[in-house]
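Trainee: After the structure tokens below, expect a handful of questions from me.
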Amino acid sequence: MAITDWVVSAMGRPALFDDTMLEDPYARYALLRETDPVYYASQVGAWIVTRHDDVERVLKDPSFSSVITFEASAATRDPLRHLYAFVHSSLVFSDPPDHTRLRHLVSRAFTPASVGRLRPWIEQTVDELLDGAEPRGRMDFVADFAAPLPLRVLAGVLGMTLDPVEQRRLKDACDNFLLPFGRDPATLADDETARAARAGDALAGAVREALDQAQDRPESLLSTLAGASEDGDRLSRDELFATVVLFLIAGHENLTSLLSNGLVALLRHPGQLRSLRDDPTLWPAAVRELLRLVAPNQFIRRSATMDSRIGDVNVRKGDAVVLVLASACRDPSVYPDPDRFDINREREWPIALGRGIHYCVGGPLAQIEAETAFSRLFTRLPTIRLDTEHIEYAKNFNVRLVARLPVTW
Ligand code: HEM
């Protein structure tokens, strides 16, 4: 069953992950935190965990695993072989010691200093998108800005030079690649398998090409990643592919969500926006608060490798656990008056970027990108305003995506 198909409507409990919660899931999270903070959702086959401290504890507990098992062959002729390579060789779906090794190698290329050097490129990419939109006096902020920006930045970071058509193709490939994800391959329609297989081939081709080009640019992030070694150990071909694809996938929709939901929050809180205009050094704190408030990745999963307890509940070895980050980010025991947007709140990174060993590698990039995007946007389009009262959400229960966001200036 796809994680996005989950519908939980157990007696007496608010339904989770159904269409009616797309617009505002937070009232349901609040009710669960209060009445049933760790409950077994039988339709989903997983424990749903909604309190901040429980979520944080599981993320820091090595007895909960990130590994996903795919019951499928890794045969070279299997149409989904690229997907299996991705799942089996990815940082995010591994446990120590594999994770420790991969994370060391990836972190060598993706340091805060190397990400800091990308700032001018990010500014240029933001300005190019705004140059295109500015004379029109209006845009769909999602289609014209929040969706293309992260993928353009990532493609550039990885040394891929793409025209707009190729960017569109790369985005489609990322979306289609994940079609079989979390599903039994036997339940896939033929055309879904074919789309996912084509997407896998397209991504493998794009990564190969980028690696070839990177050989001429030894200072690029991809060259550093390909060459990163520790005691003679390097990323294998599959691991390199999995890492690049993980960057592309983990680093784009989350940011699209942060930028579009973040813009709505900023435009609906003119007082906070005024403070940011008066003192732009507040942007880093504002981005951290926006991450908490909109939590782009609503939940992540783990499985128990031994019997243990979460809160007052006994969890058995093999049980699946869904950690609702978005709920943890609004837990009043950690964030007083949690639904209030307040850029003067605490300065720590919220749990929206995870905790423990899998803590988001791309956090510094996400921060720089969001700061640059918002500060340039409000400088260049000072009269920008929402052109709709109603915010429409895409049908995606995990990444909270605004479908379209008309704005004028
Ligand atoms: C608003 C933006 C972002 C959000 C909300 C976000 C969220 C997260 C979360 C919650 C995790 C932990 C997953 C887990 O524990 O299972 C994670 C891990 C990860 N993120 Fe991000 N992310 C963002 C941006 C990025 C960007 C821009 C990149 C890339 C280049 C990136 C790359 C990764 C990678 C590689 C991991 C896996 C780390 C590991 O398993 O050790 N993320 N992210």
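The values are calculated or read from the model by the stated rules, or taken from the named source; none is laboratory data. All of these numbers come straight from a predicted model, not from anything done at the bench. Neighbour counts run over all protein chains shown; Cβ positions are idealised from the backbone, glycine included. Remember, those area values only see protein heavy atoms, side chains included, never the ligands or the DNA or RNA. Shrake-Rupley method; radii C 1.70, N 1.55, O 1.52, S 1.80 Å.
Trainee: Given the options LEU267, LEU246, name the one that is within 19 Å of the chain's Cα centre (by Cα) and modelled with pLDDT of 90 or more.
Mentor: LEU246
Trainee: Let me ask something additional. (1) in contact (Cβ under 8 Å) with a residue 24 or more places away in the chain; (2) under 28 Å from ARG274 (Cβ atoms); (3) surrounded by 13 or more Cβ atoms within 10 Å (Cβ to Cβ): which one isn't true of ASP339, the others all being true?
Mentor: So ASP339 meets the others, but not (3).
Trainee: Related question: Which residues, taken from the stretch 79-103, are of a type in the set (A, V, I, L, M) and more than 13 Å from the ligand (Cβ to nearest atom)?
Mentor: Hits for the stretch 79-103 are LEU80, LEU83, ALA85.
Trainee: Which numbered condition in (1) free of Cβ contacts under 8 Å to residues at least 60 places away in the same chain; (2) surrounded by 17 or more Cβ atoms within 10 Å (Cβ to Cβ) is the only one that LEU325 fails?
Mentor: So the condition that LEU325 fails would be (1).
Trainee: Would you pick out the residues in the stretch 350-399 that are within 25 Å of ASP175 (Cβ to Cβ), within 13 Å of the ligand (Cβ to nearest atom) and aromatic (Phe, Trp, Tyr)?
Mentor: If the condition is that a residue be within 25 Å of ASP175 (Cβ to Cβ), within 13 Å of the ligand (Cβ to nearest atom) and aromatic (Phe, Trp, Tyr), then no residue fits.
Trainee: All but one of (1) closer than 22 Å to THR50 by Cβ; (2) open to solvent by 40 Å² or more (accessible area, probe 1.4 Å) hold for ARG330; which doesn't?
Mentor: The single condition ARG330 does not satisfy is (2).
Trainee: Which members of the stretch 261-293 meet the condition of being under 18 Å from LEU386 (Cα atoms) and surrounded by 24 or more Cβ atoms within 10 Å (Cβ to Cβ)?
Mentor: The answer is GLY262, LEU263, LEU290.
Trainee: Among ASP36, ASP54, which is the only one that is away from the ligand (no atom under 16 Å from the Cβ), farther than 26 Å from PRO364 by Cβ, more than 19 Å from the chain's Cα centre (by Cα) and charged (D, E, K, R)?
Mentor: Every option except ASP36 fails the conditions.
Trainee: OK, next. Could you list, in sequence order, all residues of the stretch 375-390 that are in contact with a strand residue (DSSP E or B) (Cβ under 6 Å, 6 or more places away or on another chain) and open to solvent by less than 30 Å² (accessible area, probe 1.4 Å)?
Mentor: Matches in the stretch 375-390: ILE384 only.
Yes/no per residue for (1) within 14 Å of the ligand (Cβ to nearest atom); (2) in a helix (DSSP H, G or I); (3) closer than 28 Å to ALA226 by Cβ:
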| residue | (1), (2), (3) |
| --- | --- |
| GLU123 | no, yes, yes |
| ASP131 | no, yes, no |
| LEU151 | yes, yes, yes |
| GLY156 | yes, yes, yes |
| ALA186 | no, yes, no |
| GLU192 | no, yes, no |
| ARG198 | no, yes, yes |
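Trainee: A further question follows. Which residue, of TYR335, TYR359, is of a type outside the set (Asp, Glu) and farther than 19 Å from ALA286 by Cα?
Mentor: TYR359
Trainee: Could you please give the count of residues in the stretch 158-184 that are of a type in the set (A, V, I, L, M, F, W, C), away from the ligand (no atom under 16 Å from the Cβ) and either farther than 24 Å from VAL399 by Cα or in a loop (DSSP other than H, G, I, E, B) (or both)?
Mentor: Count: 3.
Trainee: Specify the residue that is nearest to the ligand (Cβ to nearest atom); the eligible residues are those in the stretch 263-321 that are free of Cβ contacts under 8 Å to residues at least 40 places away in the same chain and assigned to a strand (DSSP E or B).
Mentor: Checking each candidate, the answer is ARG309.
Yes/no per residue for (1) within 27 Å of GLY232 (Cα to Cα); (2) open to solvent by 50 Å² or more (accessible area, probe 1.4 Å):
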site: SER107; (1), (2): yes, no
site: GLU123; (1), (2): no, yes
site: ASP131; (1), (2): no, yes
site: GLY137; (1), (2): no, no
site: PRO150; (1), (2): no, no
